[in-house]
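Q: Structure incoming, see below.
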Amino acid sequence: MKTKKFCLTEAQMPTQWYNIVADMPNRPLPPLHPATKQPVTKEQMSAIFADALIDQEMSVERYIDIPEEVQEIYRIWRPTPLVRATGLERALDTPARIYFKNESVSPAGSHKPNTAVPQAYYNRKQGIRRLTTETGAGQWGASIAFAAKHFGLELQVFMVRVSYDQKPYRRLMMQTWGAACSPSPSTLTASGRAALERDPHCSGSLGLAISEAVEMALQHPEDTRYCLGSVLNHVLLHQTVIGQEAVAQMEMAEADPDVVIGCFGGGSNFAGLSFPFLRRKFAEGRDLRVVAVEPASCPKLTRGSFQYDFGDVAGYTPLIPMYTLGHEFQPSDIHAGGLRYHGAGAIVSQLLRDGIIEAQSVPQTETLAAGILFAKTEGIIPAPESTHAIAAAIREAQRAKEEGSPRTILFNLSGNGVNDLSAYEQYLAGTLRDYAPGDAEIRRTVDLLEKII
Ligand SMILES: *Cc1c(COP(=O)(O)O)cnc(C)c1O
């Protein structure tokens, strides 16, 4: 009998996060203050983020303890299963073995609660009473709403007006968990009120929602902080529970991955799965390919430029050394909302620059076709973001067949798609189109960046 699912006990869950910075041959360049172009100080960041998170952001310690209070909430859904995709293997008639780590089983339906929980915990511990954040399609807003509730924190989410109106389900998840979710622009902040004065019917943007969330945190330094669901080092760090579990589960499966694959928005689910495997590459010299998969419509890793750029579209964050399309790049309106991000985190960018990881881009019709095949063969309807990892895994399995050489493939199922069925609706209706920006379109927003390196 072929074992399908590899499950750890709660006692086997990791008790530390893995910080890859300790093992990188070249550490990422420091984040810079936009005005002075000097490395940002802890003091400058502490008005926005909780102190413990800033320490983690800058840490070079290899392992950082996961507080018991965080582990206790992780146990609501962790450890997550590692599954052998036997149905998909059969459908592809491939000699490859395909495994996936199922992060779609969390209460919010994605990997994002892995960082939402510790972020809420450290803020609470510092005596912060309220968190602010922005959300586009709502995955991050829902995850932090779930986490904030557990630690008795208030949460103010600014949700881009169009999504607020068109995508009610995650808004309702946030409200069910007790968060305040306001359409952005709102009347709660000066930047929101100014936008509404200019245009009372303004449909909002992610940049504006960030401005509102940061403004509210800066105006209440005594009890309010802002939080972010991807890109930053501490977010990637928290996600390494995924890969540490997967390393143990692949051992249970008596399998060693030749390729580890993750879809790529800002880099957190990709890093979470792959970094603990890269640890073995650094420490034991294991041979391993690690592949980040981005949409062809938002190709910062495969076609972007390595430069200092803002982490957010509004220009509030420090300047981060990253592969970027420029923070003013407007990604086309693809369904994988979580992958519509202009840049990549500093650590992942450095790893790509050093050739330690590789990147691929996939057009969205191919990803949704892969998602549908996965749903039919493995049962789970994947998030549109996750279908990028599935498409790359399928390409790899097909190559194994052509070359007649078996291999072991592991990918991250970062979330389920039950709240994103409109993407499937369009694909099934045949109205979904592929889009890739032209070189001139990319050059325009990259050329707007001030050259620092
Ligand atoms: C947010 C999201 C992503 C993209 O973010 P990363 O930080 O790159 O992981 C991918 N998949 C799902 C399901 C998401 O919600």
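Q: Out of the range 173-208, which residues are under 28 Å from Phe151 (Cβ atoms) and out of contact with any helix residue (DSSP H, G or I) (no Cβ under 9 Å at 6 or more places or on another chain)?
A: Leu206 - this is the single residue of the range 173-208 that is under 28 Å from Phe151 (Cβ atoms) and out of contact with any helix residue (DSSP H, G or I) (no Cβ under 9 Å at 6 or more places or on another chain).
Q: Select from the range 112-140 the residues that are modelled with pLDDT of 95 or more and of a type in the set (A, V, I, L, M) and write down the one among them that is farthest from the ligand (Cβ to nearest atom).
A: Only one residue fits best here, namely Ile128.
Q: Something else: For the list (1) assigned to a loop (DSSP other than H, G, I, E, B); (2) modelled with pLDDT of 95 or more; (3) surrounded by 15 or more Cβ atoms within 10 Å (Cβ to Cβ), I need the number of the one condition that Arg27 fails.
A: (3)
Q: Which pairs turn up if I take residues in the range 340-359 that are over 25 Å from Leu206 (Cα atoms) and look for partners that are of a type in the set (Lys, Arg) with beta carbon separation below 7 Å, at least 6 apart in sequence or on another chain?
A: Glu358/Arg289
Q: Any residue in the range 403-423 that's under 19 Å from Tyr99 (Cα atoms) and within 16 Å of the ligand (Cβ to nearest atom): show its pairings with residues that are basic (Lys, Arg) and not in a strand (DSSP E or B) at Cβ separation under 9 Å, as long as the two are six or more apart or on different chains.
A: Correct list of pairs: Ser414/Lys112; Gly415/Lys112.
For (1) over 18 Å from Phe264 (Cα atoms); (2) within 17 Å of the chain's Cα centre (by Cα); (3) not aromatic (Phe, Trp, Tyr), each residue gets a yes or a no:
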{"position": "Val348", "(1), (2), (3)": "no, yes, yes"}
{"position": "Ser405", "(1), (2), (3)": "yes, no, yes"}
{"position": "Pro437", "(1), (2), (3)": "no, no, yes"}
{"position": "Val446", "(1), (2), (3)": "yes, no, yes"}
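Q: To continue, here is another question. For residues that are more than 21 Å from the chain's Cα centre (by Cα) and surrounded by 17 or more Cβ atoms within 10 Å (Cβ to Cβ), tally how many sit in the range 30-40.
A: 2
Q: Count, please, the residues in the range 364-375 that happen to be in contact (Cβ under 8 Å) with a residue 60 or more places away in the chain and more than 14 Å from Pro295 (Cα to Cα).
A: 2
Q: Taking the conditions exactly as written (within 16 Å of the ligand (Cβ to nearest atom), touching a Leu at 6+ places or on another chain (Cβ under 6 Å) and outside any helix (DSSP H, G or I)), does Gly229 satisfy them or not?
A: The answer is no for Gly229.
Q: Would you confirm, using the coordinates I've provided, whether Ala85 is aliphatic (A, V, I, L, M), away from the ligand (no atom under 16 Å from the Cβ), touching an Asp or Glu at 6+ places or on another chain (Cβ under 9 Å) and under 26 Å from Ile409 (Cβ atoms)?
A: yes
Q: Further question on the same structure: Can you tell me which residue among Glu89, Glu61, Glu43, Glu69 is acidic (Asp, Glu) and at pLDDT below 95?
A: Glu43
Q: Give Lys125, Lys149, Lys167 a once-over and let me know the one that is out of contact with any helix residue (DSSP H, G or I) (no Cβ under 6 Å at 6 or more places or on another chain), of a type in the set (D, E, K, R) and free of Cβ contacts under 8 Å to residues at least 60 places away in the same chain.
A: Lys149
Q: Considering (1) within 30 Å of Gly315 (Cα to Cα); (2) among the charged types (D, E, K, R); (3) surrounded by 14 or more Cβ atoms within 10 Å (Cβ to Cβ), say which one Glu43 fails and leave the rest.
A: (3)
Q: Sort out for me the helices (runs of 4 or more DSSP H) sitting completely within the range 94-169 that have 2 or more residues that are among the polar types (S, T, N, Q), buried (at least 21 other Cβ atoms within 10 Å of the Cβ) and in contact with a Cys (Cβ under 9 Å, 6 or more places away or on another chain).
A: Qualifying helices (runs of 4 or more DSSP H): 113-125.
The values are calculated or read from the model by the stated rules, or taken from the named source; none is laboratory data. Computed from a prediction, not measured in an experiment: that's the story for all the values here. Methodologically, a virtual Cβ is constructed for each residue, glycine included, from the backbone with ideal geometry; neighbour enumeration extends over all protein chains shown.
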